[in-house]
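To start, I am sharing the structure in question, which I have written as structure tokens.
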Amino acid sequence: MDNHNSEKSGSYLQIPIKTLNIIVSLVIVLFYADAVSGQAVKCGTIHSYNLVHNLDSPIASLRPALPLSSISASGRFEVHYTLSGADSTTSEFVDSALIYLDDIWRLEVDSLGFNPPAFEEDGRIHVYIENLSYYYGSSHPLSSSGTGVPGYIRCENDFAESVFSTHGIDALKVTLAHEFFHLIQFGYRLDPFQLGLYEWFSTWMEDIAYENVNDYIAYTDVLFENPESSLIRTNGIQEYAASVFIHLVSQGYGNDIINMIWEEFGDGGGDLFDHIFQAISMNGAENYEVAAKYMAWCYYTGERAIDGFGFLDASLYHTLEVTRLPSWSVSVSEDLGTWGFYGAVLPGPIQGNPGFTVSPEDSVAGVISVRNGNVVQYYSDRDDGTLSGDRGFAGALALDTSVRDATISVSPDNDAPFEIISIYPNPSIESVSFEVFIEDPLKFSFDIYNVLGRKVYSKEVNTLGARYSQILWNGVSQSGRRAASGLYILRVEKNGNTQCKPFVLLGRQSD
């Protein structure tokens, strides 16, 4: 087998490739230790590129020297490996890699229609399986910039370390899908200033190729815990978390739009983020509409996820962390990063015009959303319309880097005198929480009836002037006995107006 390592004469310091590999791994670990916090770096492409192409060094690659190699059935891929020493893997692991590489080509090139990557001079794509320890894999372009750039892949040898969120063959699958798409990207155009966004697309491709593995989800918590942070920052985690935005683009506007983005970027260069919106605009959507969709989709994640709305993996994501607003008429200011957003839960249901505004108008997009059963309604601050549903969500998103804070104002035209917003958990084994919106606050009463129409519990509530009240019932009847399992009815009454909602207690025995 040919040794791909090359040496150049001159006055440069000659460093053995193995030594350089160790240095690179250590630098990656140390530089990203704070950001990753014990979690493996998903892809070392950005870090390795910066180390190689920004150093005044004769060493143009990190290509390792491994003694064995095998060629895939298609003849397109050559996998290099060893069965002994620190980089050792198994024959089964190598055979799996060869099969998956051909499968990934069929998906990404033949089925999805992306341009094939550039081959090296021998007409193949080379993949090196080695002990990377702290990151899944990396892709290495053989030029510092340009179009039609070939490259090769490095891949972890076993994914056994605890830092990996996914292990074994599943980790191998998503890593090869991720890194192969980097090679496709290099073929369209290699721009070192856009590599952070390259990760958005390659991480998205993992889930397209192997939707049941979901390794990328382990990196998304940072986005849903800190939505105000800039979407486009690169810190060792955010660039993978931001793949949810590409999921939105592909789900909301079609997979073909991803091809269009890369074709336009390949032809003209420029800012890849701008190309995303240029492609979306050709489908008739403006930036603020995409922003509204993005904020609404992010809100209905985790415990709020609704079947049929938003991200396909919404229930697996972290529940978006937002602030609860104390009243309807509010003004909230928050520092926002580029395409970072502030969101807040509104205190009650909306019936009609929400009176929603966001400023500054030219550089901020807003969204207001409500849920009515399993149906979500949302629109931006630039749309006209009415909403009808339970507790809502309001948010503001910075469309450009000039925004330092944004203001959200909500003054709904709500005709409902009161409404039972929710009963949860429902069914319940222990206590039950009732959330009630009162248009004219102070006192109201609520009663709980069993299925026979017998009153089990009754209480008068003083809201102390708040329009939004949360009441906890511990499942104990007026007589002090635990209520039996079964169906119950909550009845709220104020000034002759009433509203009823059912709920269920499970697993109880009457005393």
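A short reminder: the numbers here are calculations on the coordinates, not readings from a lab. What you are looking at is a predicted structure, and each value in this text was computed from that prediction instead of being measured. Quick reminder, even Gly has a Cβ in these numbers, built from the backbone with ideal geometry, and neighbours come from all protein chains shown.
If R0 is 25 Å, what FRET efficiency do you get for ARG482 and SER315 from their C-beta distance, rounded to 0.05?
0.15
To make sure I understand, if each residue's beta carbon is the centre and we count other beta carbons within 10 Å, what order do MET205, MET260 fall in, fewest to most?
MET260, MET205
A further question on this structure: Size of the dipole of the stretch 167-210 about the Cα centre, Lys and Arg at +1 and Asp and Glu at -1 on the beta carbon, nothing else charged, in debye to 20? Before the final figure, lay out the partial values.
Numbers: 2 positive and 6 negative charges, 24 e Å.
The dipole of the stretch 167-210 has a size of about 120 debye.
By per-residue mean of other Cβ atoms within 10 Å, what is the highest-first order of 103-111, 217-225?
Taking the mean over residues of other Cβ atoms within 10 Å, the ranking is 217-225, 103-111.
Which order do the peptides 358-367, 40-49, 91-100 take when ranked by the mean count of other beta-carbon atoms within 10 Å per residue, highest first?
Per-residue mean Cβ counts within 10 Å order the peptides as 40-49, 358-367, 91-100.
How big is the dipole moment of the stretch 293-410 about its Cα centre under a simple scheme where the beta carbon of each Lys and Arg is +1, that of each Asp and Glu is -1, and everything else is neutral? Debye, nearest 20, please. Provide the component values of the computation, followed by the final result.
Details: 7 positive and 14 negative charges, 60 e Å.
Roughly 280 debye, rounded to the nearest 20.
On to the next question. Place +1 on the Cβ of every Lys and Arg and -1 on the Cβ of every Asp and Glu in the stretch 293-410, take the dipole about the Cα centre, and give the residue among THR401, THR301, GLY340 whose Cα lies farthest towards its positive end.
Checked the options; the winner is THR301.
Excluding SER250 itself, calculate the net charge of residues whose Cβ lies under 11 Å from the Cβ of SER250, where each Lys or Arg counts +1 and each Asp or Glu counts -1.
Values: positive: none; negative: ASP207, ASP256.
In short, -2.
Mind checking which aspartates and glutamates have their C-alpha under 15 Å from LYS455, skipping anything on the same chain fewer than 8 residues away?
Filter leaves ASP447, GLU493.
A further question on this structure: Rounded to the nearest 20 Debye, what is the dipole magnitude of the stretch 261-323 about its Cα centre when Lys and Arg each give +1 and Asp and Glu each give -1 at the C-beta?
280
For THR323 and CYS500 in one chain, what is 0.36 nm times their gap in residues minus the Cα-Cα distance, to one decimal in nm?
60.8 nm
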